[in-house]
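Everything on this sheet refers to the single structure shown next.
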Amino acid sequence: MDKLLTIAEMAKELDIAESTVRYYRDRFPDFMFSVGEGRKKRYRPETVEVLRFIAEGFNRNLTAIEIESGLSLDFSRNIEVEEETAEPIAVAQQQSKNELNQYAVQLQTAMEQMGSAMQIMVDQKEEIAELRKQVAEQKQYVEETLQQRDERLMESMKQFLEQKKATAASSDSEKKGFWARIFNR
């Protein structure tokens, strides 16, 4: 097995500053092959070739995007996969069940509220229909009452006019002389 290297050892081998190696590591983390965490982190020997490629790219004034494209063609990416244990899976499943239960309760509450709102709307529609019926009945009553009043008024006016004519006729006949009344002239 090849020896694992520190940042300092890789910097010495490439003859560049440790800070530059750290910058390259942080800028292109997908291509850095490491083992361990924190101060105990060590890098596999192929990481030196990746760092050399990066350094040469910057020396040729390539952009970070161009360097990353070149790295993608020549080197594999480092993908970290965490192992899952049965416990986190069970916890996640329990959380999923709890979330589903919460959603079910929320959905049930929402459905009940919608049912209540729909019942209120049905009741209001019935009330509106009843009010419309009452308004129509009142409108008909008012129209009939007005028609009856108009008929009585017309009858009263006819009687008044007939009485006026009769009064006028009797008044004319009183003005006529005795002989004119006898001969109806």
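Values as computed for the structure displayed
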read-out	value
Test: residue in segment 156-168 that is among the small types (G, A, S), loosely packed, with under 10 Cβ neighbours inside 10 Å and at pLDDT below 90	no
Counted residues, segment 19-38 - those being part of a loop (DSSP other than H, G, I, E, B) and either on the phi > 0 side of the Ramachandran plot or of a type in the set (D, E, K, R) (or both)	2
Scan of segment 59-73 for residues that are within 11 Å of F31 (Cα to Cα) and surrounded by 13 or more Cβ atoms within 10 Å (Cβ to Cβ), ordered by number	E68, L71
Residues of segment 1-12 satisfying the condition of being at pLDDT 90 or above and exposed (fewer than 14 other Cβ atoms within 10 Å of the Cβ)	A8, K12
Subset of segment 41-90 that is at pLDDT below 85 and assigned to a helix (DSSP H, G or I) - its residue that is farthest from V21 (Cα to Cα)	A90
Among residues of segment 17-33, those that are surrounded by 17 or more Cβ atoms within 10 Å (Cβ to Cβ) and farther than 16 Å from S72 by Cα, counted	1
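The values are calculated or read from the model by the stated rules, or taken from the named source; none is laboratory data. The model shown is predicted, which means the values in this text are computed figures rather than measured ones. For neighbour counting, all protein chains shown are included, and Cβ atoms are generated from backbone atoms with ideal geometry for every residue, glycine included.
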